[in-house]
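Below: one structure, written as structure tokens.
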Amino acid sequence: MSDFEVLERTLTNRRSCRGFTDEQVPRDVIEQVLEAAQHTASWCNTQPWHLVITSGEATVKLRDALLASSDGVGTDFDFPAAYTGVYDERRKDVGWQLYDAVGVTKGDREASGREMLRNFEFFGAPHVAILTTEADLGVYGAVDCGLYVDSFLLAAESLGLGTCAQAALAMRSGFLREWFKLPDTRKVLCGIAFGYPDSEHPSATFMSRRAPITDAVTFVD
């Protein structure tokens, strides 16, 4: 199999995992992911990313504290002002794909609320990584960290791990900064829940759809 075929298969198979086993990922496997992701390209080689990664009891304590507290609500980076047109269609489409898979019916606000709260349970993952960037690096630092997230997800996929990048955790940036004693100069971008995927979880039955490249590219000859 060629390098391209391996990459294409990894990209195609990767999905946002929303059901994990409770098996801890060995530290050496986590470090393999991190070593690979560290080669991510960045503006002027600044490498602005920093992660705090929880395991074992630390994950449980963070989960319980997030669910119990309403402090530190707010994001360090603005969320989208609006979803319109095709972007709104795609957002709704993947949302209903997930809800159909886990048995949430349209209009059942109690069930959809429970599903939303699973973000703060890390979907049952035994580990979560909180990703931050340096405030002074602005949008380019954030872009570089977005590239890092993709590298992390693909490296994890190649090692048989499941991952879910979580913007929802960025909604509790103040809480996370206080919990982990992060300096004010570090801005929270997202979390990444990870562990071994539970193939029996209902959410494992769907894959989000992708638009054709003709929707994303304009060629000029």
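Within the stretch 194-208, being within 20 Å of Val33 (Cβ to Cβ) and among the aromatic types (Phe, Trp, Tyr) holds for Phe194, Tyr196.
Could you list, in sequence order, the residues of the stretch 104-130 that are within 14 Å of Gly19 (Cα to Cα) and either without any contact (Cβ under 8 Å) to a residue 60 or more places away in the chain or not hydrophobic (A, V, I, L, M, F, W, C) (or both)? Scanning the stretch 104-130 gives Glu115, Met116, Leu117, Arg118, Asn119, Phe120, Glu121, Gly124, Pro126, His127.
So is Ser199 out of contact with any helix residue (DSSP H, G or I) (no Cβ under 6 Å at 6 or more places or on another chain), assigned to a loop (DSSP other than H, G, I, E, B) and polar (S, T, N, Q) or not? Please lay out each step first, then the result.
Numbers: out of contact with any helix residue (DSSP H, G or I) (no Cβ under 6 Å at 6 or more places or on another chain): yes; assigned to a loop (DSSP other than H, G, I, E, B): yes; polar (S, T, N, Q): yes.
For Ser199, the condition - out of contact with any helix residue (DSSP H, G or I) (no Cβ under 6 Å at 6 or more places or on another chain), assigned to a loop (DSSP other than H, G, I, E, B) and polar (S, T, N, Q) - is met.
A Cβ distance below 7 Å, combined with a sequence gap of six or more or placement on separate chains, defines the contacts here; from the stretch 205-221, residues that are within 26 Å of Gly162 (Cβ to Cβ) and of a type in the set (Gly, Ala, Ser) reach residues that are in a helix (DSSP H, G or I) and at pLDDT below 95 in the pairs Ser208/Val94; Ser208/Gln97.
Applying the criterion of being exposed (fewer than 12 other Cβ atoms within 10 Å of the Cβ) and not charged (D, E, K, R) to the residues of the stretch 27-59, the residue that is nearest to Ile130 (Cα to Cα) is Gly56.
Against the list (1) in a helix (DSSP H, G or I); (2) at pLDDT below 95; (3) not aromatic (Phe, Trp, Tyr), the condition Glu89 fails is (2).
Output the residue which, of all residues in the stretch 69-86 that are within 19 Å of the chain's Cα centre (by Cα) and either modelled with pLDDT under 90 or assigned to a loop (DSSP other than H, G, I, E, B) (or both), is surrounded by the fewest Cβ atoms within 10 Å (Cβ to Cβ). Spell out how you get there, then give the answer.
Initially, the stretch 69-86 is screened for residues within 19 Å of the chain's Cα centre (by Cα), giving 73-80.
Keeping just the survivors that are either modelled with pLDDT under 90 or assigned to a loop (DSSP other than H, G, I, E, B) (or both) gives 73, 75-80.
Details: Val73: 11, Thr75: 16, Asp76: 17, Phe77: 14, Asp78: 6, Phe79: 8, Pro80: 9.
Step by step, filter the stretch 69-86, then rank; the result is Asp78.
Screening Gly107 on (1) surrounded by 11 or more Cβ atoms within 10 Å (Cβ to Cβ); (2) assigned to a loop (DSSP other than H, G, I, E, B) shows it passes everything except condition (1). Checking the stretch 41-48 against the condition returns a match, with at least one residue being of a type in the set (Ser, Thr, Tyr), touching a Gly at 6+ places or on another chain (Cβ under 8 Å) and farther than 21 Å from Thr205 by Cα. Counting the residues of the stretch 124-168 that are more than 17 Å from Pro26 (Cβ to Cβ), of a type in the set (S, T, N, Q) and in a helix (DSSP H, G or I) gives 1. Looking for something in contact with a strand residue (DSSP E or B) (Cβ under 8 Å, 6 or more places away or on another chain), surrounded by 16 or more Cβ atoms within 10 Å (Cβ to Cβ), closer than 30 Å to Asp136 by Cα and at pLDDT 95 or above - is there at least one such residue anywhere in the stretch 6-25? Looking for residues that are in contact with a strand residue (DSSP E or B) (Cβ under 8 Å, 6 or more places away or on another chain), surrounded by 16 or more Cβ atoms within 10 Å (Cβ to Cβ), closer than 30 Å to Asp136 by Cα and at pLDDT 95 or above, one finds none in the stretch 6-25, hence no. Restricting Thr133, Thr185 to those that are farther than 14 Å from Arg18 by Cα, free of Cβ contacts under 8 Å to residues at least 60 places away in the same chain and touching an Asp or Glu at 6+ places or on another chain (Cβ under 8 Å) reduces the list to Thr185. Scanning the stretch 27-80 for residues that are touching a residue at least 60 places away in the same chain (Cβ under 8 Å) and of a type in the set (Val, Ile, Thr) turns up Val29, Ile30, Val33, Thr40, Thr46, Val52, Ile53, Thr54, Thr59, Val73, Thr75.
Only one of the listed residues (Val149, Val128, Val104, Val143) is modelled with pLDDT of 95 or more, farther than 20 Å from Ala41 by Cβ and in contact with a helix residue (DSSP H, G or I) (Cβ under 9 Å, 6 or more places away or on another chain). That residue is Val128.
The values are calculated or read from the model by the stated rules, or taken from the named source; none is laboratory data. Since the model is a prediction, treat every value here as computed from it, not as a measurement. Please note: Cβ atoms are built from the backbone with ideal geometry, for glycine as well, and neighbour counts cover all protein chains shown.
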